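In what follows, a structure is listed as structure tokens, so that the remarks can point back to it.
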Amino acid sequence: MKKPKQKIFSPKWLEYHPYDNSVSSDIYYVQLCNKVVAEIEKTMEGMDDENYLFFSEDEQITLACILTCYFEDVISQTNIWNTFTRLNKEKTGKWLPFSYGKEYEPEEINVDDLRFLIWHTLCQITSGQIPISPEEPFFTTIANAVYPIFDEEYETAPENYKLKEFFTIDEEMTNLNELQPKFFWLGVESYLFCFNSKSLEEEINEVIEIAKENDFEDHIGEMINMVLTDFSYNNKTEFFALTAAKWLAHILGKENGLYEPLLSLSEKKSGYFIFQEQDSMYARFKHVATGEVIQVTNRSLVGFPKDMKSPEVILYAGFVQWEGEWWFLGDIRSYELSDELVENISGREEELELFGEEDNESFGTYNEQLAYAQELVERTHADDPEEELTDIEWELLYDDELSNEFFEKATEKGDLKELHFPGENGEKLWKENLPFVLNYFRRK
């Protein structure tokens with residue numbers, strides 16, 4: 001394998017891996033990744049950097065890492081990509097979204113895998129703010145340039161045993177604190193979901209600003225920890241709107257004893273509680289706003305501050321349900337109990353709804369949502385008549401006042417005529433892949 005000019009070094013490559021020190025196979029894949037980025041660079045020569053179909057030098061490096069990690073994943077049988085295609089097959093009957101009409105080889109490398117990943121990378125770089133057709137020739141050009149590199153190495157490329165070992169999890173591992181780093185890495189740092197780290201970073205920066213504005217600098221560390229655990233349990237990924245824990249379940253497979261527990265792991269419930277009592281197995285906490293009492297396993301309370309086991313303080317804490325038990329997640333702040341504080345907390349909508357059913361958002365009727373959407377489109381178009389209607393209607397995807405069911409019905413009835421991918425095949429692509437697309441961009 002001819003060694004190209006090196007642009008990617010071990011530290012960059014390791015950003016996409018769940019360990020800090022290189023293993024022997026990493027040397028090979030770093031070299032391969034440099035060969036990939038060199039080929040990507042060739043395809044970009046002479047292209048207009050003002051065009052939205054463009055990868056900057058740093059973005060080319062990111063893309064090369066993602067594509068090479070995909071190849072490493074297939075070779076090492078770590079099952080990330082194969083899980084994605086298997087789930088898509090189960091949900092849609094196709095191995096890949098935006099089926100390209102060619103024969104597909106599951107569990108092998110495919111040029112269409114690369115096309116899809118290049119589209120995915122550009123969509124994430126642009127934060128999904130503009131419609132980009134997955135059938136753009138631009139993606140085909142890069143995929144066709146990179147695929148021969150992987151095809152040539154397919155039979156001799158080494159497995160990354162350390163990466164595979166990361167997903168070899170003892171079925172008896174029922175301590176949630178040991179499992180959390182597994183699904184956190186998968187949902188934030190692995191090549192398929194690495195752009196979620198951008199959203200996490202934005203949330204952390206926002207919390208830091210809030211802390212500074214309110215003179216809470218001494219609490220920045222614990223506030224960041226709360227954001228990290230919130231993100232671990234509650235963030236829905238761009239693929240099928242599954243949380244990272246549910247993705248880990250599917251990667252482990254139905255035969256694994258952790259499959260069902262991970263699928264049924266609840267969202268993190270963060271709110272205000274008062275400690276009640278504790279016995280040999282459980283501690284009981286009363287939710288201030290609703291009066292609901294939850295039993296929390298003592299296994300999760302190791303190191304819980306003794307001074308907070310008092311009915312004289314209000315605790316802001318986070319819990320999840322795991323295998324039928326509530327678990328404390330280590331995030332906690334305490335406040336002196338007062339009638340004024342109880343009254344304030346009890347009037348907050350988010351506290352009153354904390355133990356409601358998950359995903360219980362309520363929307364207006366279809367006609368009410370349509371009228372709302374049309375008003376937004378008309379107002380935006382009046383403010384900027386030069387903006388394309390396709391771009392304006394695309395912005396509706398990120399409006400929380402509209403439901404996925406609304407978009408499905410609006411597509412069926414033709415009430416949002418410009419909401420689709422660009423290109424002559426754009427409407428067909430949109431309609432045939434609508435559930436995937438809505439989950440991808442809306443994460444609902």
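Odds and ends about this structure:
- The one condition in (1) in contact with a strand residue (DSSP E or B) (Cβ under 9 Å, 6 or more places away or on another chain); (2) acidic (Asp, Glu); (3) surrounded by fewer than 17 Cβ atoms within 10 Å (Cβ to Cβ) that residue 230 fails to fulfil: (3)
- For the range 278-290, the count of residues that are surrounded by fewer than 19 Cβ atoms within 10 Å (Cβ to Cβ), in the same structural domain as residue 307 (by TED's automatic domain parsing) and more than 19 Å from residue 325 (Cα to Cα) is at least one.
- The set of residues in the range 255-266 being surrounded by 15 or more Cβ atoms within 10 Å (Cβ to Cβ) and farther than 14 Å from residue 294 by Cβ consists of 256, 258, 259, 261, 262, 263, 265.
- Looking only at residues of the range 20-42 that are over 14 Å from residue 57 (Cα atoms) and aliphatic (A, V, I, L, M), we find that the one that is surrounded by the fewest Cβ atoms within 10 Å (Cβ to Cβ) is 27.
- Matching entry among 361, 368, 340, 378 (being at pLDDT below 95 and more than 21 Å from residue 222 (Cα to Cα)): 361
- Check on residue 114, among the aliphatic types (A, V, I, L, M), within 19 Å of residue 193 (Cα to Cα) and touching a helix residue (DSSP H, G or I) at 6+ places or on another chain (Cβ under 6 Å): yes
- Selection from the range 167-213 of residues that are more than 19 Å from the chain's Cα centre (by Cα) and either buried (at least 20 other Cβ atoms within 10 Å of the Cβ) or not acidic (Asp, Glu) (or both): 168, 169, 173, 174, 175, 176, 177, 207, 208, 210, 211, 212
- Residues of the range 44-78 that are within 20 Å of residue 129 (Cβ to Cβ), among the charged types (D, E, K, R) and under 21 Å from the mean Cα position of the chain (by Cα): 59 alone.
- The set of residues in the range 101-143 that are touching an Asp or Glu at 6+ places or on another chain (Cβ under 7 Å), surrounded by fewer than 16 Cβ atoms within 10 Å (Cβ to Cβ) and without any contact (Cβ under 8 Å) to a residue 40 or more places away in the chain contains only 102.
- Per the listing 255, 260, 238, the residue uniquely without any contact (Cβ under 8 Å) to a residue 40 or more places away in the chain, in a loop (DSSP other than H, G, I, E, B) and out of contact with any strand residue (DSSP E or B) (no Cβ under 8 Å at 6 or more places or on another chain) is 255.
- Here residue 168 does not fit the description of being under 18 Å from residue 70 (Cα atoms) and either among the β-branched types (Val, Ile, Thr) or modelled with pLDDT under 95 (or both).
- Taken over the range 281-331, the criterion of being among the β-branched types (Val, Ile, Thr), touching a residue at least 60 places away in the same chain (Cβ under 8 Å) and in a strand (DSSP E or B) is satisfied by 320 alone.
- Qualifying positions in the range 313-335 - over 21 Å from residue 234 (Cβ atoms) and modelled with pLDDT of 95 or more: 313, 314
The values are calculated or read from the model by the stated rules, or taken from the named source; none is laboratory data. This one's a predicted model, so the numbers in the text were calculated from it and none came from an experiment. As a convention, Cβ positions derive from the backbone with ideal geometry for all residues, glycine included, and neighbour counts pool all protein chains shown.
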